[in-house]
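The values are calculated or read from the model by the stated rules, or taken from the named source; none is laboratory data. Since the model is a prediction, treat every value here as computed from it, not as a measurement. With ideal geometry, Cβ positions are generated from the backbone for all residues, glycine too; neighbour counts draw on all protein chains shown. The area values use the complete protein model at the heavy-atom level, side chains included, leaving out ligands, DNA and RNA. Shrake-Rupley method; radii C 1.70, N 1.55, O 1.52, S 1.80 Å.
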Amino acid sequence: MVEQQLVEQTAADSPDQDGRRSLRRDASLPALLAGLVCIVVSFSGPLVVVLAAAAAGRLDPAHTASWIWSVSVGSGLSCLLLSWWTRTPVITAWSTPGAALLVTSLGAYPYREAVGAFLVSGVVVALFGTTGLFGRLIREIPAGIVNAMLAGILFSFGTGIFTALHGAPALVLGTFAAFLLAKRLAPRYAVPVALVAGGVLAAVTVGLPLDLGDAGGPTRPVLTAPAFSWPSLVGLALPLTIVALASQNAPGLGVLRAFGYRPDDRLLIGSTGGLSVLLAPFGSPGINIAAITAAICAGPESHPDPRRRYVAGMSAGALYLVVGTFGGVLVSLFAGLPKELVAVVAGVALLASLQGSLAAAVADEQGRDAAVVTFLATASGMALFGIGSAFWGLLLGVATHLLLHARRPSPGRKAAA
């Protein structure tokens with residue numbers, strides 16, 4: 001309790017006047033290493049999902065590298081500045097569930113319209129953050145329906161682990177086994193271990209043609225003028241916004257609170273939403289408060305003293321900037337990975353999110369019917385009027401909930417009428 005009060009007081013305070021001197025005093029090797037682990041986890045499994053989304057949208061290497069540059073630089077700047085300003089280990093990242101949504105939806109829209117949807121989503125997130133409407137939105141939509149929509153989006157990634165078996169059974173089974181073994185012995189490193197083991201198995205079995213080509217230098221961001229259409233706004237911007245708020249920012253703030261911090265949701269969500277707006281024309285679908293990687297930097301492994309863990313957030317931010325600057329190298333390296341390896345690594349990277357969303361979707365028995373409808377409609381991949389299944393799943397789930405649980409007029413009121 002004393003530590004929690006101390007953390008909350010520290011998080012509420014503004015930085016010391018002599019910030020550089022305080023930073024030198026607070027810096028530690030464990031905090032710096034925690035930032036490094038955070039980046040390794042961020043760029044192992046989740047990056048594969050981003051590249052899968054880029055492939056689904058038929059983006060060329062230049063636009064794909066610009067996408068990685070934008071989310072990396074955005075995450076780096078927000079981690080660095082927000083951690084320093086709040087003296088809290090604030091970790092931001094792109095939304096992996098959001099990228100999973102784009103895998104199933106991005107190819108249905110012209111890229112300029114997708115950029116327009118990213119822009120609108122960023123504006124809405126920023127408004128909900130700065131005005132304090134974020135919590136109100138989360139309360140309006142039943143949590144089971146939101147989690148069922150997310151589970152429906154992620155469902156194909158889970159099954160993709162096993163549908164990839166027929167193409168390279170040794171590669172897929174070996175990678176999955178490495179993931180499970182690491183999950184038992186060192187859960188934090190399970191996804192990076194799966195990626196490394198998969199890379200070795202791929203080189204031995206099906207080959208691993210890696211060629212950097214001309215991607216060795218710094219990434220050149222590609223500016224794309226946004227375009228707007230109702231199908232892209234409803235089919236992309238709306239689900240992306242809900243996923244960002246409910247499935248990314250809400251748990252991200254929850255992680256910080258679980259470690260005793262008192263994050264300013266208006267500052268954090270408002271600033272990341274504003275940064276998302278600025279970076280959308282370069283391909284960023286949004287910068288959000290991280291959850292899984294946040295636990296790495298906010299926990300005691302970062303530093304025994306909670307007041308000095310913000311250095312881990314700054315360390316992660318600096319490394320984000322370095323890696324993002326050379327995003328083209330990452331695109332070239334990952335482009336040479338066999339599709340079976342991409343499928344199994346993306347699947348295991350999203351496995352925790354899938355099981356968490358499934359559990360939360362059916363946790364409330366009263367709302368289980370609406371959650372199941374949402375899940376089935378979203379997982380079906382249906383598209384009507386050019387609008388993807390995530391929106392229809394959400395709409396049908398809410399409609400089911402209202403139909404089953406709408407208040408009936410009382411007999412007395414009916415007689416009086």
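In whole percent, how big is the carbon plus sulfur part of the accessible area of the range 36-119, probe 1.4 Å, protein atoms only? Spell out each step's value before the answer.
Details: 1600 of 2200 Å².
Carbon and sulfur together cover 73 percent of it.
Using 10 Å bins from zero, what percent of all Cα-Cα pairs in the range 151-292 falls into each bin?
It works out to 9, 22, 28, 32, 9, 0, in whole percents.
Taking every pair of alpha-carbon atoms in the range 274-324, what share in percent sits in each 10 Å bin, from 0 to the bin with the longest distance?
22, 43, 26, 8, 0
Over the range 167-258, with the other protein chains present, what is the accessible area per residue in square angstrom, probe 1.4 angstrom? It would help to have the intermediate numbers written out before the result.
On the way: 4570 Å² over 92 residues.
Value for the range 167-258: 50 Å² per residue.
With only alpha-carbon atoms in the gyration tensor, what are the semi-axes of the equivalent ellipsoid for the range 83-199, in Å, largest first? Before the final figure, lay out the partial values.
Values: eigenvalues 215, 91, 47 Å².
Semi-axes (√(5λ), whole Å): 33, 21, 15.
Could you work out how much longer the chain between Asp305 and Ala186 gets when fully extended? Use 0.36 nm per residue separation minus the Cα distance between them, nm to one decimal.
Values: separation 119, 0.36 × 119 = 42.84 nm, distance 2.37 nm.
Stretched fully, the Asp305-Ala186 segment lengthens by 40.5 nm.
Report relative contact order for the range 70-178 in percent, whole number only (criteria: Cα-Cα under 8 Å, sequence separation at least 6). Display every interim value, and only then the final one.
Numbers: 35 pairs, mean separation 21.5, N = 109.
Result for the range 70-178 is 20 percent.
Taking the solvent-accessible surface of protein heavy atoms with a 1.4 Å probe, what is the per residue accessible area of the range 69-138 in Å²?
Working: 2100 Å² over 70 residues.
Each residue of the range 69-138 exposes 30 Å² on average to a 1.4 Å probe.
For Thr325 and Ala55 in the same chain, what is the full-extension length gain: residue separation times 0.36 nm, less their Cα-Cα distance, in nm?
Details: separation 270, 0.36 × 270 = 97.20 nm, distance 2.10 nm.
Answer, rounded to one decimal: 95.1 nm.
Carbon and sulfur: what percent of the range 178-308's accessible surface (1.4 Å probe)? Write out the running numbers ahead of the final one.
On the way: 3860 of 5850 Å².
Carbon and sulfur: 66 percent of the exposed surface of the range 178-308.
Could you work out how far apart the two model spin labels at Arg25 and Leu278 are, taking each label as a point 7 Å from the Cα in the direction of the beta carbon, and quote it in nm?
About 3.0 nm separates the two model spin labels.
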